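Input: a single structure, listed below in structure tokens.
Each value in this text was obtained by applying a stated rule to the coordinates, not by laboratory testing. Predicted model only: the values in this text are computed from it and were never measured. Cβ: placed from backbone, ideal geometry, glycine included. Neighbour counts: every protein chain shown.
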Amino acid sequence: SDLLSLINDVLDLSKVEAGKMEVNAAETPVAEVNSSLERSFRAVADEKGLEFKVEIAPDAPTTIYTDGQRVEQILKNLLSNAFKFTAKGSVGLTVKRPDANKRFFQPGLAKGNVIAFAVSDTGMGIPTEKQRLIFEAFQQADGTTSRRFGGTGLGLSISREIARLLGGEIRVESVPEKGSTFTLFLPLRYRPVAPEAPVQSEFHGAVAD
């Protein structure tokens, strides 16, 4: 099972980096994405004795034009990590509009045209110096040779690349021993990026606005 997971992750990462991953955009109800994720992780939350909240803010858009399957893939990776690294407390998914003064790196994330999916937890947290590293392939915040948590170390790297493919980006804010929040920002309407368009540099830590 672990080997199959690793093979699938490597194939996904290879496809997206080679520009071979297809985007099948369609009108995607936000509530359906949330319901699917709640069903997928409710048993995990119950088994670990964690509170699990899935919420949609009143001002959040009801639908977005994007690849719903890829959005769920990203959020499943983020939620899997949240549950993996949280021993007590809670995990949550909140859909909302970002703060009006939020600044972005991707050109498709224009002011007033963005939705935010925030996955938060009360887990082990990530030191500031490792917040950039964890988005690289085969890396985890727990980077010891006897890693306690398993996994391929590819989930965040794949999620970052798919987010870019969809015109979005991922940010992380974290405090060791208190928890983390990974936020996926996406445009309300997906627009294909021209192959020759330069990829914007991106900092995945907390950004002062």
FRET efficiency (Glu177, Lys48; Cβ distance; R0 22 Å; to 0.05) is 0.75
Estimated inter-spin distance, Ser14 and Ala57, nm [label 7 Å along Cα→Cβ]: 4.0 nm
Would you mind getting me the FRET efficiency between Arg189 and Asn101? Use the beta-carbon distance for r and R0 = 22 Å, nearest 0.05. 0.50
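Subtract the Cα-Cα distance of Tyr65 and Ala31 from 0.36 nm times their separation in residues, and report this length gain in nm to one decimal. Show your work: numbers first, answer last.
Numbers: separation 34, 0.36 × 34 = 12.24 nm, distance 1.36 nm.
Gain on stretching Tyr65 to Ala31: 10.9 nm.
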